[in-house]
Amino acid sequence: MNIKTIAKGAAAGAAVGFAYYAFSSAGPLQKMSIKRDANKTLKAAGHLINDLKSIVM
């Protein structure tokens, strides 16, 4: 077994669990804020990946 792979899986599971808990315990206004912030974060990550691709290629 590869310890690195196990650690990555455990970290991903913990992140998903935390996100689910934060979303399920939030009020209606907080849920909209969480969704909006998550959308902005995903867009920023996509732009970062595109920038890194353009640097490498």
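The values are calculated or read from the model by the stated rules, or taken from the named source; none is laboratory data. Predicted, not measured: the structure shown is a model, and the values here were computed from it. Backbone-built Cβ (ideal geometry, glycine too); neighbour counts: all protein chains shown. Quick note on the areas: whole protein, heavy atoms, side chains included, nothing else; ligands and nucleic acids left out. Shrake-Rupley method; radii C 1.70, N 1.55, O 1.52, S 1.80 Å.
Go through the stretch 1-30 and count every residue that is closer than 18 Å to residue 41 by Cα and of a type in the set (A, V, I, L, M, F, W, C).
7
Only one of these conditions is not met by residue 38: (1) outside any helix (DSSP H, G or I); (2) under 16 Å from the mean Cα position of the chain (by Cα). Which number is it?
(1)
Does residue 5 qualify as being open to solvent by less than 100 Å² (accessible area, probe 1.4 Å), within 16 Å of the chain's Cα centre (by Cα) and of a type in the set (S, T, N, Q)? Talk me through it step by step, then tell me what you get.
Working: open to solvent by less than 100 Å² (accessible area, probe 1.4 Å): yes; within 16 Å of the chain's Cα centre (by Cα): no; of a type in the set (S, T, N, Q): yes.
Taking the combined requirement at face value, the residue does not satisfy it.
Just for the stretch 16-27: of the residues that are open to solvent by 60 Å² or more (accessible area, probe 1.4 Å) and assigned to a helix (DSSP H, G or I), which one is modelled with the lowest pLDDT?
Checked the stretch 16-27; the qualifying residue modelled with the lowest pLDDT is 23.
Could you tell me which residue of the stretch 28-57 is surrounded by the fewest Cβ atoms within 10 Å (Cβ to Cβ), considering only residues that are among the hydroxyl-bearing types (Ser, Thr, Tyr) and under 20 Å from residue 16 (Cβ atoms)?
Restricting to residues being among the hydroxyl-bearing types (Ser, Thr, Tyr) and under 20 Å from residue 16 (Cβ atoms), the top hit is 41.
Are there any pairs, at least 6 apart or on different chains, whose C-beta atoms fall under 9 Å, with the first in the stretch 7-19 and under 18 Å from residue 39 (Cα atoms) and the second surrounded by 10 or more Cβ atoms within 10 Å (Cβ to Cβ) and β-branched (Val, Ile, Thr), and if so, which?
Hits for this filter: 19/34.
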